[in-house]
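Colleague: Starting off with a structure, shown below.
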Amino acid sequence: MDSNTAVRNLGIGLAVVGIILLVGYAFYNILTMESNLILKLSLAAIILGIIIALLSLIKERIGTNDTEIERKY
């Protein structure tokens, strides 16, 4: 592994951790603020749905192998 790959992986890792913390903080604030229960439940369902969809796409992308045939000229 060269230094560019390590730095790129570090950057991606930090970005993912930052996004997770931001979404978690927003989720916490939404659930603790005083508002209608329907609003809280609908926003929680939207956020959880997006997270589940993204995790599903990531799992699918990791699970599939590249089946493209390399052409030799």
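The values are calculated or read from the model by the stated rules, or taken from the named source; none is laboratory data. As the structure is a prediction and not an experimental result, all values here were calculated from the model. Ideal geometry is used to build each Cβ from the backbone, glycine not excepted, and the neighbour counts take in all protein chains shown. Heavy atoms of the whole protein, side chains included, go into the accessibility calculation; ligands, DNA and RNA do not. Shrake-Rupley method; radii C 1.70, N 1.55, O 1.52, S 1.80 Å.
Colleague: Would you mind telling me which numbered condition in (1) open to solvent by 100 Å² or more (accessible area, probe 1.4 Å); (2) modelled with pLDDT under 80 SER3 fails?
Modeller: Here SER3 meets the rest and fails (1).
Colleague: Would you check if LEU57 is open to solvent by 100 Å² or more (accessible area, probe 1.4 Å), of a type outside the set (Gly, Ala, Ser) and at pLDDT 80 or above?
Modeller: yes
Colleague: Which of the residues belonging to region 18-37 are open to solvent by 80 Å² or more (accessible area, probe 1.4 Å) and assigned to a helix (DSSP H, G or I)?
Modeller: Of everything in region 18-37, those that are open to solvent by 80 Å² or more (accessible area, probe 1.4 Å) and assigned to a helix (DSSP H, G or I) turn out to be ILE19, ILE20, LEU21, LEU22, TYR25, TYR28, LEU37.
Colleague: So, one more: Can you tell me which of (1) over 16 Å from the mean Cα position of the chain (by Cα); (2) without any contact (Cβ under 8 Å) to a residue 12 or more places away in the chain is the one LEU31 doesn't meet?
Modeller: Of (1) over 16 Å from the mean Cα position of the chain (by Cα); (2) without any contact (Cβ under 8 Å) to a residue 12 or more places away in the chain, only one is false for LEU31: (2).
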